[in-house]
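The values are calculated or read from the model by the stated rules, or taken from the named source; none is laboratory data. This is a predicted model, so every value here is computed, not measured. All Cβ positions, glycine included, derive from the backbone under ideal geometry; neighbour counts span all protein chains shown.
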């Protein structure tokens, strides 16, 4: 394409080819805006707010930050190189918890670190606050082959309750059949108690393949948790179990109170009334329930009437620990976050005085379209919130004043409002006639515009999981493209969360088919609407989204280039060589292995390189245990052998997803440079990677 630049006589914008716009948004800004904020928690009197901050500039190190809400001061609790992060299920989460001052005990906080994988205890002062002069944390328990997450504090017995993943070779590990005549030993998952005085570890629950959300009742008599077995993922089917404890804290009785086949429970939470609240999906949507009397399993009731917000999804796929969509601000008020076709909101449930229906639910006006991570104390509510104009942020809400205060945003150096492309919810049908949802971003630049007779190139984004969901949060990575003249569409393909079980289960037995079909349908819809150039469509995704990318490139001709970020090329290898949490995931998405080995072969992009006839760039962490590097390397070798343009960038020290700022910057610039060069776009102001990127069979 011949590069032309002209002044527009009507709006003073400079006309240049789409994709070549000059942008003030750098990859450095995108990386700086990549803070990973998680787990906001308030102390007992809501005078201090704690949260985790993953910092790309420090190699992705997670720092526990506290803000004193009275003085306004911020403090880092863990100094470098301490990294507060869990590796249970490899994805981690739930790496710290506050221990509230109950039964006269000293309050404090519990955390685990990634280096020693130890459990640490940091006491607070007598005023219930953390102070810098309190000294360092005390190690409670450590074993190099044990991992911990999802902590609760048993104050009456002065111990920590946690999920433990036991990787010891001689432990009583579960064994799972992965291939004919071969048994693959897996780590054992259990719920344990760690004594703060003696450091002794006691097993409380075992027998299921997985556990999550161990939550102790206020009186210390009951321990609730969710548990599930292979081949289910937690959103497929699980059990809500309730364990009765004796005075010493040992389990004397355990029963299943909710869940079951094709039922998924989420986030048990004890109310101030002593009842157990949780989320279950018998209607096909996660909705709130209550076990009124823990001693009476028949006392379960729906918290809402069936017609109340019937298609709002009050729940999340449990990819990580520490998730929260519910919190009590007082005995009679429960705040929950819910998803309405991809957009999240905050809801207030006023519990009826007699403890029975009808309870009243109402939406709380927030201005946010992403709301999660709820935690309440002393009448205040902490959350993670954001919108199309605001990145993920730690937010404090005071219901009495209807006031929202931003405590910490994932990015401070943001583009001006004139440079931000806002997502528009689009709906279209796939070739099966099913409704599909997506977020569409049009090119936006205050100084540049594309020629009137051209349409912009399109980047199709495929989220991971695949049981994840496209987010409406301000995504500087997307803005990097739209501000340069690309359009972006983020597809909530069948299998995504936020639209009910039926939508989510479209992907069962159909992974690599339905997701690809819906990505193609998005391109066809935008082409019909004349919003994009169908001859310049690229596709990008990470992890499971990378598999969708490679499948779409191999099986369709809708895309002219692709980018796979630690994506899956060989399903057979994935089934044989991945971590426990996802080791049977493909049984439901593809079919049971090895019985359905032929289907794995049919759906593997590596087996269909004959159909792959367009350029691809690969990005891979060399320490990735979820999708090992050989997946990318085999695909690269196959494309190289076909003479197709291909680029491969690998990162030593990176795992599943990139955390180091320099690697994030290189990835952003290299992907854009790759697509631009393949499409014949010559940026007016090319990034540094433009000249460094080597594209085999092209340069």
Subset of the stretch 137-157 [surrounded by fewer than 17 Cβ atoms within 10 Å (Cβ to Cβ), touching a strand residue (DSSP E or B) at 6+ places or on another chain (Cβ under 9 Å) and more than 21 Å from residue 43 (Cβ to Cβ)]: 139, 142, 143, 145
Of the residues in the stretch 614-639, those that are assigned to a helix (DSSP H, G or I), crowded, with 19+ Cβ neighbours inside 10 Å and more than 23 Å from the chain's Cα centre (by Cα) come to 635, 636, 638, 639
Would it be correct to say that residue 526 is in a helix (DSSP H, G or I), in contact (Cβ under 8 Å) with a residue 60 or more places away in the chain, out of contact with any strand residue (DSSP E or B) (no Cβ under 6 Å at 6 or more places or on another chain) and more than 25 Å from residue 232 (Cα to Cα)? yes
Filter the stretch 1-30 down to residues that are part of a strand (DSSP E or B) and modelled with pLDDT of 90 or more and give me whichever is farthest from residue 682 (Cα to Cα). 14
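This table checks each residue for (1) outside any helix (DSSP H, G or I); (2) farther than 22 Å from residue 537 by Cα; (3) at pLDDT below 95; (4) in contact with a strand residue (DSSP E or B) (Cβ under 9 Å, 6 or more places away or on another chain).
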| residue | (1), (2), (3), (4) |
| --- | --- |
| 601 | no, yes, yes, no |
| 641 | no, yes, yes, no |
| 648 | yes, no, no, yes |
| 653 | yes, yes, yes, yes |
| 670 | no, no, no, yes |
| 675 | no, no, no, yes |
Residues that are assigned to a loop (DSSP other than H, G, I, E, B) and more than 9 Å from residue 386 (Cα to Cα), drawn from the stretch 356-370: 356, 357, 358, 359, 365, 366
Please tell me if residue 373 is surrounded by 22 or more Cβ atoms within 10 Å (Cβ to Cβ), within 20 Å of residue 67 (Cα to Cα) and modelled with pLDDT of 95 or more. yes
Taking residue 305 and the conditions (1) modelled with pLDDT under 95; (2) surrounded by 17 or more Cβ atoms within 10 Å (Cβ to Cβ), which numbered condition does it fall short on, given that it satisfies the others? (2)
Restricting attention to the stretch 199-226, and to residues there that are crowded, with 19+ Cβ neighbours inside 10 Å and in contact with a helix residue (DSSP H, G or I) (Cβ under 8 Å, 6 or more places away or on another chain), which single residue is nearest to residue 274 (Cα to Cα)? 210
In the list 382, 470, 438, which residue meets the criterion of being out of contact with any helix residue (DSSP H, G or I) (no Cβ under 9 Å at 6 or more places or on another chain) and in a strand (DSSP E or B)? 382
Checking the conditions here, which among 653, 591, 611 is in contact with a helix residue (DSSP H, G or I) (Cβ under 6 Å, 6 or more places away or on another chain), surrounded by fewer than 22 Cβ atoms within 10 Å (Cβ to Cβ) and at positive phi? 591
Filter result for residue 415 (touching a helix residue (DSSP H, G or I) at 6+ places or on another chain (Cβ under 9 Å), assigned to a strand (DSSP E or B) and closer than 26 Å to residue 442 by Cα): no
Which residue pairs have Cβ atoms under 7 Å apart, sit 6 or more places apart or on different chains, and have a first residue in the stretch 675-699 that is in contact (Cβ under 8 Å) with a residue 12 or more places away in the chain and on the phi > 0 side of the Ramachandran plot and a second that is crowded, with 16+ Cβ neighbours inside 10 Å and in a loop (DSSP other than H, G, I, E, B)? 697/644; 697/645
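The rows are residues; the columns are (1) free of Cβ contacts under 8 Å to residues at least 12 places away in the same chain; (2) over 20 Å from residue 32 (Cβ atoms); (3) over 23 Å from the mean Cα position of the chain (by Cα).
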residue: 410; (1), (2), (3): no, no, no
residue: 419; (1), (2), (3): no, no, yes
residue: 426; (1), (2), (3): no, yes, no
residue: 431; (1), (2), (3): no, yes, yes
residue: 441; (1), (2), (3): no, yes, no
residue: 455; (1), (2), (3): no, yes, yes
residue: 464; (1), (2), (3): no, yes, no
residue: 487; (1), (2), (3): no, yes, yes
residue: 493; (1), (2), (3): no, yes, no
Does residue 545 satisfy being out of contact with any strand residue (DSSP E or B) (no Cβ under 8 Å at 6 or more places or on another chain), crowded, with 24+ Cβ neighbours inside 10 Å and modelled with pLDDT under 95? no
Selection status of residue 421, in a strand (DSSP E or B) and buried (at least 17 other Cβ atoms within 10 Å of the Cβ): no
Quick one: is residue 397 assigned to a loop (DSSP other than H, G, I, E, B), crowded, with 20+ Cβ neighbours inside 10 Å and within 27 Å of the chain's Cα centre (by Cα)? no
Only residues that are without any contact (Cβ under 8 Å) to a residue 40 or more places away in the chain and crowded, with 18+ Cβ neighbours inside 10 Å: list them for the stretch 227-236, please. 227, 228
Of the residues in the stretch 98-136, those that are surrounded by fewer than 21 Cβ atoms within 10 Å (Cβ to Cβ) and either out of contact with any helix residue (DSSP H, G or I) (no Cβ under 9 Å at 6 or more places or on another chain) or assigned to a strand (DSSP E or B) (or both) number 18
